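Single-structure report; data block below.
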Amino acid sequence: MVVFLVGFMGCGKSSIGKKLANSTDWKFVDMDNIIESRVSISISEIFNIKGEAWFRALEREVLNEFVDQKNIIVATGGGVPCFGDNMDIMNQIGHTIYFKVSTENLFGRLKRGRENRPKIKELNDVELLTFIEETLSPREVFYNKASLLIDCDGVTEEYIASHIKSYLSHKLV
Ligand code: S3P
């Protein structure tokens with residue numbers, strides 16, 4: 001089974017995915033890391049040199065490669081579900097879990113995590129808040145197609161990881 005963690009930048013996909021993998025025998029991968037090692041440049045450099053459309057095509061290619069994989073937890077980039085029919089593909093290949101985080105909490109987290117995120121790295125705080133406000137709701141149309149939605153505000157990463165484990169254990173029987 002393949003488990004795709006989806007949600008806005010900064011919602012905790014990678015850190016919770018690693019926790020989940022540590023407490024199971026599942027492998028954890030981060031799509032951004034796969035892409036970076038495939039082309040040997042950072043996500044920011046990909047956006048600068050190749051452009052966003054090229055990046056989105058590569059995301060799509062990498063996504064399709066999960067079809068034959070087993071017992072793997074995938075942290076997707078925040079834009080993956082929102083292009084083409086990527087969300088439908090993920091729902092066909094495996095389970096999708098949306099980490100829902102409020103605009104306010106995303107802002108708090110992303111203020112400290114702008115460096116390798118080309119879509120926000122050059123924004124000041126006011127612009128960052130506006131970006132989240134304007135981008136989250138159209139993206140949620142796609143995120144909400146996930147098979148499980150977890151409201152992540154005010155709960156610990158450990159709680160979220162154990163919630164996912166129990167959800168998946170019911171899916172496996
Ligand atoms: C993006 C999210 C990033 C990365 C790229 C674009 C987006 O991943 O794929 O910077 O469009 O939301 P994270 O969600 O892991 O930050």
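The values are calculated or read from the model by the stated rules, or taken from the named source; none is laboratory data. The model shown is predicted, which means the values in this text are computed figures rather than measured ones. Positions of Cβ are backbone-derived with ideal geometry, glycine not excepted, and every protein chain shown enters the neighbour counts. To get the accessible areas, we keep the full protein, side chains included, count just its heavy atoms, and leave off ligands, DNA and RNA. Shrake-Rupley method; radii C 1.70, N 1.55, O 1.52, S 1.80 Å.
For the chain, complete DSSP H runs whose alpha carbons reach 24 Å or more along their own long axis and whose mean Kyte-Doolittle score is -1.0 or higher are 125-143. Split the accessible area of the stretch 18-173 by element, probe 1.4 Å, and carbon with sulfur accounts for 50%. Per residue of the chain, the DSSP helices (runs of n ≥ 4 H) give a summed -39500 (n - 2.57) that works out to -16000 deg cm²/dmol at 222 nm. Computed with a 1.4 Å probe over protein heavy atoms only, the accessible surface of the stretch 2-171 comes to 48 Å² per residue. Using heavy atoms of the protein chains and a probe of 1.4 Å, the accessible area assigned to D30 is about 30 Å². Shown is the FRET efficiency for D88 and N124, computed with R0 = 25 Å from the Cβ-Cβ distance and rounded to the nearest 0.05: 0.10.
Straight Cα distances below 16 angstrom link K18 to the aspartates and glutamates D30, D32, E157, E158, with same-chain residues fewer than 8 positions distant left out. Take I34: with every protein chain present and a 1.4 Å probe, its accessible area is about 40 Å². Sequence-ordered 3J(HN,Hα) estimates for the stretch 76-84 from the Karplus curve with 6.51, -1.76 and 1.60 and θ = phi - 60° stand at 8, x, x, x, 3, x, 9, 10, x Hz, glycine and proline given as x.
Close amide H partners of F4, meaning residues 5 or more places away or on another chain with modelled amide H under 5 Å apart, are V74, H95, T96, I97. With 27 Å as the limit on Cα-Cα distance, the pairs of K50/K100; K27/K121; K13/K171; K19/K145 that go past it are K50/K100; K27/K121. Remark: relative contact order (the chain) = 35 percent; criterion is Cα-Cα distance under 8 angstrom and separation of 6 or more residues.
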